[in-house]
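First up is the structure itself, then whatever we jot down about it.
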Amino acid sequence: HDLERCLFEYETRGAVAPFPLGAADLSPVFRVPQKLYGRAGEVAQIVDAFEGCAAGARRLLLVGGYSGTGKTALVHEVHRPITARRGQFASGKFDQFQRATPYSAFLEAFRGLIDTRLTEDEETLSRLRAELRDALGEEGRVLTDLLPNLEHVIGPQPPVAEVGGAEAQNRFRYVFRKFLRVLATAAHPVVIFIDDLQWADSASLDLMRSLMTDPDLGHLLLICAYRENEVDPTHAFIRCVDEIAESGLAADRIRIGNLGADDLAALLSDALSATTDDVRPLARLVAVLERA
C-alpha cells in the first residue's frame with residue numbers, strides 16, 4: 001500500500017509528500033496488546049504500599065478478583081518502578097496440584113531473589129555473605145536444604161539436628177525470619193508477590209503468618225493474589241489474614257473487577273488497529289459477555 005502510494009504520487013505529481021508509514025498494515029494474527037488498561041488507581045495503590053515498605057514498614061496487600069481479570073498483570077506492572085528504587089521483587093505461584101509440597105510458592109520466589117542477589121558485585125556479595133552467616137549461625141542448612149542456590153552465597157553448611165514435624169516447621173520459620181531480616185533493608189526493600197493463595201498449603205500460611213507478625217521485620221511488602229470466588233470467610237487463607245489483622249497488621253485490599261466500556265474500547269482499538277468509535281459496538285458486546 002505504501003509503495004503504491006509512493007508510485008502514484010511520483011507519477012502524478014513528480015514527488016512524494018511525507019506520510020505515516022504502515023497506516024494500512026493489518027496483521028492476520030490477533031494479538032491482545034501487552035499493556036494495562038483501566039488500572040491506574042490500582043497501580044497507584046501498589047506503588048503507595050511499596051513506598052511504605054521502602055520507608056521501613058511491613059505491609060500486606062491482598063489483590064482479589066475472578067480468574068482472568070488481570071491480577072497478575074497488575075502486580076507485574078509495578079516491577080519496573082520497584083526495581084528503579086533498588087527494591088527487590090520476586091514472585092511465586094501456588095499450584096492446585098502441588099498442595100502436598102510445603103512452601104512451594106515462597107521457595108520459588110526466594111530462589112529468584114537469591115539468584116538476583118548473586119548478580120551483585122563481589123564486594124556487595126561478600127558483605128551479604130558475612131551478614132547471612134552471622135544471622136544464621138549453625139542453622140544455615142535448614143534453608144539450604146530447601147534453597148540450594150543459597151549455598152552459592154553462604155557456602156556449604158554443616159548438618160543440623162533431626163527434629164520432628166512440628167518442631168522442624170517452627171525451626172524453619174524462625175530461621176527464615178532471620179534470613180529475611182538480612183535481605184529486607186532500607187537500601188534494598190523486598191517485595192514478594194505470591195499468586196493463587198487460594199491453593200496455599202497450611203505450612204505456607206503458617207510461614208506467611210510468622211513473617212507478617214514479626215515485629216523485627218521491616219522493609220517488606222507481601223502481595224497476595226487470590227481468586228475471590230474460590231474462598232469464603234472460613235477458608236484457611238482468609239482465616240490467616242484475619243489472625244494477622246488481630247496481631248495489629250491490617251491488610252490493604254485491592255479488588256479487580258471487569259474493565260469498563262471505555263477501557264474495553266481502548267483495548268480493542270489497539271488490538272484491531274481501529275478507531276475507538278468503530279469498536280464501541282464490539283466493546284459493548286464484550287462487556288455483556290463478561291457479565292454473563
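General remarks:
- Solvent exposure ordering (accessible area, 1.4 Å, most first) of 51, 138: 138, 51
- Per residue of the chain, the DSSP helices (runs of n ≥ 4 H) give a summed -39500 (n - 2.57) that works out to -15000 deg cm²/dmol at 222 nm.
- Scanning residues 5 or more positions from residue 88 or on other chains, those with amide H under 5 Å from its amide H are 190, 191, with H placed 1.01 Å from N in the peptide plane.
- Surface accessible to a 1.4 Å probe, residue 27 within the full protein complex, Å²: 80 Å²
- As a size descriptor, the averaged projected area of the C-alpha convex hull of region 126-166 was calculated at 3.1 nm².
- 5 angstrom amide H check on residue 62, placed H, neighbours 5+ away: 224, 252, 253, 254
- In whole angstrom, region 224-273 maps to an equivalent ellipsoid with semi-axes of 35, 12, 8, each derived as √(5λ) from the alpha carbon gyration tensor and ordered largest first.
- Segment residue 26-residue 234, length gained on full extension (0.36 nm per residue, minus Cα span): 69.8 nm
- Over all other residues within a Cβ to Cβ distance under 9 Å of residue 226, the charged ones net out to -2, with Lys and Arg as +1 and Asp and Glu as -1.
- When only alpha carbons are used to place a centre, region 205-234 and region 241-292 end up 25 Å from one another.
- Applying Stokes-Einstein at 37 °C and 0.692 mPa s to the Kirkwood radius of region 21-91, computed over alpha-carbon pairs, gives a translational diffusion coefficient of 226 µm² s⁻¹.
- Size of electric dipole in the chain: Cβ of Lys, Arg +1 and of Asp, Glu -1, about Cα centre, debye, nearest 20: 320 debye
- Rg/Rg_ref, region 147-238, where Rg_ref = 2.2 N^0.38 Å and atoms are Cα: 1.25
- Couplings for region 86-95, taken from phi via the Karplus curve 6.51 cos²θ - 1.76 cosθ + 1.60 with θ = phi - 60°, read 6, x, 9, 10, 9, 9, x, 9, 7, 10 Hz in order; Gly and Pro are left as x.
- Ordering 85-96, 198-209, 113-124 by mean Cβ neighbour count within 10 Å, with the highest value first, yields 198-209, 85-96, 113-124.
- Hydrodynamic analysis of the chain uses the Kirkwood radius over alpha carbon pairs. Inserted into Stokes-Einstein at 20 °C and 1.002 mPa s, it gives a translational diffusion coefficient of 97 µm²/s.
- Candidates 47, 289, 114 compared by Cα position along the dipole of the chain: farthest toward the positive end lies 47, with charges placed on Cβ.
- In terms of its Cα atoms, region 186-228 spans 33, 16, 13 Å along the principal axes, sorted from long to short.
- Using the Karplus relation 6.51 cos²θ - 1.76 cosθ + 1.60 with θ = phi - 60°, the per-residue 3J(HN,Hα) values for region 153-163 come to 9, 9, x, x, 10, x, x, 10, 5, 6, 10 Hz, with x marking Gly and Pro.
- When you restrict to C-alpha pairs under 8 Å that are six or more residues apart and normalise by the size of the chain, the relative contact order lands at 28 percent.
- Look at where the Cα atoms of region 83-114 and of region 1-37 average out, and the two centres are 45 Å apart.
- The magnitude of the dipole of region 36-80, with charges of +1 and -1 set on the Cβ of Lys/Arg and Asp/Glu and taken from the Cα centre, is near 120 debye.
The values are calculated or read from the model by the stated rules, or taken from the named source; none is laboratory data. Keep in mind the model is a prediction, meaning the values are calculated, not measured. Virtual Cβ from ideal backbone geometry, glycine too; neighbours counted across all protein chains shown. Heads up: the accessible areas ignore ligands, DNA and RNA and are worked out on the full protein's heavy atoms, side chains in. Shrake-Rupley method; radii C 1.70, N 1.55, O 1.52, S 1.80 Å.
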